[in-house]
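One structure is given here, and the rest of the page talks about it.
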Amino acid sequence: MASEAPHQDAATTETTNWKPHRPTTPSLNSFPNSPPSLDPSNYPHGKKSLSGISLRAFLIGTTLGLSLSLTIFLFPTYYLWRVPFFLASLCLFHFLEYYVTAEYNTRYASISAFLLSSNGWAYNVAHSSAILECLVSYYFWPRDSYFSWTGPVFGVIKLQVLLGLVMMAIGQATRTLAMAQAGSNFNHTVQVERKDGHILVTHGLYAILRHPSYFGFFWWGLGTQLLLGNVVCLVGYAVVLWHFFNSRIAREERFLIAFFGDEYVQYRKRSWVGIPGIP
């Protein structure tokens with residue numbers, strides 16, 4: 001008699017082959033309104049590193065707070081309140097450089113927009129020299145001779161310090177407002193080719209000043225040296241900044257004429273730079 005294979009019913013087969021259900025996790029791309037993937041430049045060591053930006057913002061904010069606190073503590077009984085105030089003004093300047101770029105020209109909001117290191121070694125040497133001259137002059141000369149070379153105003157603050165504060169305020173406000181009004185047309189580096197959407201800005205401050213950001217930094221820089229009571233660095237800042245902006249403006253305007261032609265030539269005739277000796 002032929003043997004018969006053992007019988008296996010359907011229920012037994014279904015039980016033997018059963019596996020637990022594992023639902024697949026949907027990817028972000030499966031949703032119609034999913035956010036785009038993160039820009040690789042936002043990761044650590046990228047040019048728009050979020051960790052790098054937050055670290056710099058933290059350090060600038062901490063230094064600003066400490067400097068302002070020290071300024072209030074020293075003013076007006078101790079003349080060296082000017083040094084921490086100068087540091088505070090530097091912190092505000094570098095913060096605004098990044099903040100305004102991020103707000104009005106977001107695609108260029110990289111770490112370099114802080115301008116903490118992209119200005120080169122000469123920039124850092126200039127500010128370090130300004131602080132050093134203030135400290136050295138205060139130590140070696142009486143505060144009523146070299147360090148304070150004009151009389152007091154309202155019995156508290158020297159005339160050159162008051163003038164320096166006014167120049168710093170005007171310079172910083174002009175530069176910040178100019179960057180905001182220019183929007184995506186502003187860049188910290190001279191552009192050698194015209195990009196899509198690049199227009200000639202002639203409204204607001206630009207109706208009067210064709211390089212208001214340069215105007216602002218020039219007078220802000222000189223104002224800081226008046227505030228500190230420096231003589232050597234005041235002359236040095238004036239010479240160096242004048243030569244820098246004279247060369248930069250001449251180079252930049254060659255490209256602007258190439259970009260906009262007669263439109264820029266006519267605009268240049270009805271506007272001015274606002275820095276002595278630069279037409």
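Numbers below:
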| quantity | calculated |
| --- | --- |
| Amide proton proximity set for LYS158, modelled H, under 5 Å, gap of 5+ | VAL153 |
| Peptides ranked, highest mean first, by Cβ atoms within 10 Å: ranges 238-244, 205-211 | 205-211, 238-244 |
| Contact order relative to length of the range 46-118, as percent, for alpha carbon pairs under 8 angstrom and 6 or more apart | 34 percent |
| Column: log10 I(q)/I(0), Debye, Cα scatterers of the range 46-118, q = 0.13, 0.15, 0.24, 0.25 Å⁻¹ | -0.43, -0.54, -0.98, -1.03 |
| List LYS195, LYS47, ordered by accessible area with a 1.4 Å probe, largest first | LYS47, LYS195 |
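The values are calculated or read from the model by the stated rules, or taken from the named source; none is laboratory data. Predicted model only: the values in this text are computed from it and were never measured. Cβ coordinates were reconstructed from backbone atoms using ideal geometry, including for glycine residues, and neighbour counts include every protein chain displayed. Side chains are part of the model used for accessible areas, which takes the heavy atoms of the whole protein and leaves out ligands, DNA and RNA. Shrake-Rupley method; radii C 1.70, N 1.55, O 1.52, S 1.80 Å.
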